[in-house]
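Note sheet for the following structure.
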Amino acid sequence: MTGHTKSKRYHHGDLRRAILDAGEEELSERGVAGFSLRRVAARVGVSHTAPAHHFGDAAGLIDALAERGFRSLVDCMEARQERAIQTAYERLIATGQGYLDFALSEPAMFRLIFGLDQTPAEGSSLQAAALSAFMTLARAVGDLRGADPMLDPEGRIEVLACWTRAHGIADLILSGYIELPDGENAEAERDAFFRNMLAVNLSPRDV
């Protein structure tokens, strides 16, 4: 029995990571409503109590997955920033395009991180991951403004405007209300669409 246990542990390597990977697969296939610790355990090939040992319960595993999701969102935004022409405006556009990249490549995770039943606990690693994602966007806005946007009301409004525009586009795409091209130049057309959406600045007009 002992030998078998050691072999199992060696086979799975980092069991916590394996459970998270399986949880992400479960989430992708079934969504939060159909999420099951037992099925996650079955995917990994461990007892149904193994996930509970690492995460407590389904809610604990969901929080850990959400933390991973926020960090993946940051990775997508930063990857786009690195590819962009290095001007403040282009980096801001790229940040939003990275936001879309994440939503379209990981729709179940996108739904999860912005659909949690409650806000992350104060001081938790999940809260830190969520804040990191928000500040990635806020810094991009700040670079364009030449000042920390979180220090004055107008700057905070600009950050929220950029966030809600990127998030709204992503959500409407995933919900089927905005149809994207799917041909050979789909990414370029999507990027151009997002650029045009972000550039729209509505204001009262004389009639």
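Considering only the range 26-36, I want to know if a residue exists there that is part of a loop (DSSP other than H, G, I, E, B), open to solvent by less than 40 Å² (accessible area, probe 1.4 Å) and either modelled with pLDDT of 95 or more or under 30 Å from residue 137 (Cβ atoms) (or both). Step through it out loud before you land on a result.
Looking only at the range 26-36, we keep the residues that are part of a loop (DSSP other than H, G, I, E, B), and these are 31-36.
This time we only want the ones that are open to solvent by less than 40 Å² (accessible area, probe 1.4 Å), so: 31, 34-36.
This time we only want the ones that are either modelled with pLDDT of 95 or more or under 30 Å from residue 137 (Cβ atoms) (or both), so: 31, 35.
The answer is yes, given that some residue of the range 26-36 is part of a loop (DSSP other than H, G, I, E, B), open to solvent by less than 40 Å² (accessible area, probe 1.4 Å) and either modelled with pLDDT of 95 or more or under 30 Å from residue 137 (Cβ atoms) (or both).
Can you pull out every residue in the range 39-62 that is in contact with a Gly (Cβ under 9 Å, 6 or more places away or on another chain), open to solvent by 20 Å² or more (accessible area, probe 1.4 Å) and either in contact (Cβ under 8 Å) with a residue 40 or more places away in the chain or not aliphatic (A, V, I, L, M) (or both)?
Within the range 39-62, 43, 54, 55, 62 meet the criteria.
Taking the range 112-130, which residues are in contact (Cβ under 8 Å) with a residue 60 or more places away in the chain, in a helix (DSSP H, G or I) and closer than 25 Å to residue 175 by Cα?
112, 130
Can you tell me which residues in the range 161-205 are in a helix (DSSP H, G or I) and exposed (fewer than 10 other Cβ atoms within 10 Å of the Cβ)?
The initial filter retains those residues of the range 161-205 that are in a helix (DSSP H, G or I), namely 161-174, 186-199.
Correct list: 196, 199.
When residues of the range 145-160 are filtered for being part of a helix (DSSP H, G or I) and open to solvent by 50 Å² or more (accessible area, probe 1.4 Å), how many remain?
Matching residues across the range 145-160 total 9.
Could you please tell me which pairs satisfy a Cβ distance under 6 Å, a separation of 6+ or placement on different chains, a first residue in the range 65-82 that is closer than 15 Å to residue 21 by Cβ, and a second residue that is open to solvent by 50 Å² or more (accessible area, probe 1.4 Å)?
67/125
Specify which of the listed residues (130, 84) is surrounded by 20 or more Cβ atoms within 10 Å (Cβ to Cβ) and among the small types (Gly, Ala, Ser). Walk me through it before giving the result.
Numbers: 84 fails: surrounded by 20 or more Cβ atoms within 10 Å (Cβ to Cβ).
It is 130.
Is it the case, given these coordinates, that residue 79 is modelled with pLDDT of 90 or more, in a helix (DSSP H, G or I), crowded, with 20+ Cβ neighbours inside 10 Å and hydrophobic (A, V, I, L, M, F, W, C)?
On the way: modelled with pLDDT of 90 or more: yes; in a helix (DSSP H, G or I): yes; crowded, with 20+ Cβ neighbours inside 10 Å: no; hydrophobic (A, V, I, L, M, F, W, C): yes.
Here the answer is no, as residue 79 does not meet what is asked.
What are the residues in the range 87-111 that are in contact (Cβ under 8 Å) with a residue 60 or more places away in the chain and open to solvent by 60 Å² or more (accessible area, probe 1.4 Å), if any?
Within the range 87-111, 111 is the sole residue that qualifies.
Could you count how many residues in the range 111-139 are of a type in the set (A, V, I, L, M, F, W, C) and farther than 18 Å from residue 58 by Cα?
First, the residues of the range 111-139 that are of a type in the set (A, V, I, L, M, F, W, C): 112-114, 116, 121, 126, 128-131, 133-135, 137-138.
Next cut, farther than 18 Å from residue 58 by Cα only: 128-131, 133-135, 137-138.
Adding up the residues that qualify gives 9.
Do we find a residue being open to solvent by less than 40 Å² (accessible area, probe 1.4 Å) and under 10 Å from the mean Cα position of the chain (by Cα) anywhere in the range 119-126?
no
The values are calculated or read from the model by the stated rules, or taken from the named source; none is laboratory data. For clarity, every value in this text was computed on a predicted model and none was experimentally measured. Glycine gets a Cβ as well: all are built from the backbone with ideal geometry, and neighbour counts include every protein chain shown. Just the protein is used for accessible areas: all its heavy atoms, side chains included, with ligands, DNA and RNA removed. Shrake-Rupley method; radii C 1.70, N 1.55, O 1.52, S 1.80 Å.
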